[in-house]
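*Asks:* What follows is a structure written as structure tokens; I'll ask about it next.
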Amino acid sequence: MIAGRLGIIDLISFRSVCKDWKSASATASAEIESSPLREPWFLLYGGEASQCLLLSRTGNKYTINIPEMNGATCIASKKGWLLLLREEDYSIYFFCPFSRAKIDLPKLQNLASVPNHLAAFPSAPTSQDCFVSIVCRDETSSPEMIQLYVLLRGDKEWTKHTYSHTSVGELDKIKCVAYYDDELHIMDARTQILITYSFKTSMWKKHTILHYPVPHAPFLKFCMASSYFQERDLREKLDLEGDVSVTICGSAFKIGTKNLDRVIFSESIDATGGSVTRRVKGVWIHPRFFILPPNQSW
């Protein structure tokens, strides 16, 4: 009962006291940290060795050693789970950095050669209806083509879909991939063009996003946050020097008690001094704790 009411940091400390306390907290998930109106935390990684810096929504900073994220890149974040890609061996896996829970997925060898790729999954990887969508676009060699790789739970191989159209060439660098109402939404950094893929009809569509009301025009079912890192002055809060650049993976979370999501776009934060001497990565994450059985598979 006590463990179930703890936040993520207190829960980790609680579990480290002794074997009995660890056993008593086997079903605790720190869900209190992800309740409505609570924003996600920020995890900075990819620096020296496996040292990561965690920034809570209240501004507290914690240093955590997470070897599983060394050499990996996060391409999706949802409900406390990260989807990580390790380019050196093409491995892809779900990972919870707080509990070290990990679920391996089939490899996708040609993914690492495409510079612009993001992913989305509609539900937690432990759910039977979960699946993964990875969107790739090479702005240099194939600027008018989007490649979509889909993996259903239980599949051994990825299914590939492609979309070639002149409207794809109008896209800037893809910064958001979100899943809503059986559709995958793909948006760029300028948030003017929206390309969707329907999993029901297998059809692609291109839409124009208007930033003013139009009679009878459909509305997006989520709010967009394209400069979340900068608007919250995270460079200063994380004590990052001006020669550090940050590549950030976005996320999505509920806004209040309404059935509305806020989608945080991925961002690329340049060094403020002009020259870059250190490159790090970051991801918005919900602080959750998941324990998986030893035989957990996908």
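The values are calculated or read from the model by the stated rules, or taken from the named source; none is laboratory data. Just so you know, these numbers come straight off a predicted model, no measurement behind them. When we count neighbours, we look across all protein chains shown, and the Cβ atoms used for this are built from the backbone with ideal geometry, even at glycine. To get the accessible areas, we keep the full protein, side chains included, count just its heavy atoms, and leave off ligands, DNA and RNA. Shrake-Rupley method; radii C 1.70, N 1.55, O 1.52, S 1.80 Å.
*Asks:* Among the listed residues 98, 94, which satisfies the condition of being open to solvent by less than 40 Å² (accessible area, probe 1.4 Å), of a type in the set (Phe, Trp, Tyr) and in a loop (DSSP other than H, G, I, E, B)?
*Replies:* Every option except 98 fails the conditions.
*Asks:* Out of 9, 32, which single residue is open to solvent by 20 Å² or more (accessible area, probe 1.4 Å), touching a residue at least 40 places away in the same chain (Cβ under 8 Å) and not in a loop (DSSP other than H, G, I, E, B)?
*Replies:* Result: 9 is the single residue among 9, 32 that is open to solvent by 20 Å² or more (accessible area, probe 1.4 Å), touching a residue at least 40 places away in the same chain (Cβ under 8 Å) and not in a loop (DSSP other than H, G, I, E, B).
*Asks:* Sort out which residues of region 188-240 are polar (S, T, N, Q) and exposed (fewer than 11 other Cβ atoms within 10 Å of the Cβ), and write them in order of number.
*Replies:* 201, 202, 208 - these are the residues of region 188-240 that are polar (S, T, N, Q) and exposed (fewer than 11 other Cβ atoms within 10 Å of the Cβ).
*Asks:* Here's a follow-up. So in region 12-29, with the set limited to residues that are aliphatic (A, V, I, L, M) and without any contact (Cβ under 8 Å) to a residue 60 or more places away in the chain, which one is surrounded by the most Cβ atoms within 10 Å (Cβ to Cβ)?
*Replies:* Top of the filtered list is 24.
*Asks:* Same structure, new question: Hey, among the residues in region 268-287 that are more than 21 Å from residue 118 (Cβ to Cβ) and part of a loop (DSSP other than H, G, I, E, B), which one's least open to solvent (accessible area, probe 1.4 Å)?
*Replies:* Only one residue fits best here, namely 287.
*Asks:* Moving on to the next point. Residue 190 fails exactly one of the following numbered conditions: (1) in a strand (DSSP E or B); (2) within 11 Å of residue 265 (Cβ to Cβ). What is the number of that condition?
*Replies:* (1)
*Asks:* To continue, here is another question. Go through 266, 198, 227 for me and flag whichever is more than 20 Å from residue 137 (Cβ to Cβ) and under 22 Å from the mean Cα position of the chain (by Cα).
*Replies:* Result of the check over 266, 198, 227: 227.
*Asks:* Consider only pairs whose beta carbons are under 9 Å apart and that are at least six residues apart or on different chains; among these, list those whose first residue lies in region 209-220 and is without any contact (Cβ under 8 Å) to a residue 60 or more places away in the chain and whose second residue is assigned to a loop (DSSP other than H, G, I, E, B) and among the polar types (S, T, N, Q).
*Replies:* 209/191; 209/192; 210/192; 211/191; 211/192
*Asks:* Among the candidates 123, 142, 133, which residue alone is open to solvent by less than 50 Å² (accessible area, probe 1.4 Å), closer than 20 Å to residue 92 by Cα, in a loop (DSSP other than H, G, I, E, B) and polar (S, T, N, Q)?
*Replies:* Going through 123, 142, 133 in turn, just one is open to solvent by less than 50 Å² (accessible area, probe 1.4 Å), closer than 20 Å to residue 92 by Cα, in a loop (DSSP other than H, G, I, E, B) and polar (S, T, N, Q): 123.
*Asks:* I'd like to check something: does region 61-69 contain any residue that is open to solvent by 30 Å² or more (accessible area, probe 1.4 Å) and assigned to a loop (DSSP other than H, G, I, E, B)?
*Replies:* No.
*Asks:* Output the number of residues of region 185-233 satisfying the condition of being out of contact with any strand residue (DSSP E or B) (no Cβ under 8 Å at 6 or more places or on another chain) and on the phi > 0 side of the Ramachandran plot.
*Replies:* 2
*Asks:* Looking only at residues in region 35-60 that are open to solvent by less than 70 Å² (accessible area, probe 1.4 Å) and of a type in the set (D, E, K, R), which one is farthest from residue 175 (Cα to Cα)?
*Replies:* Going through the qualifying residues, I end up with 38.
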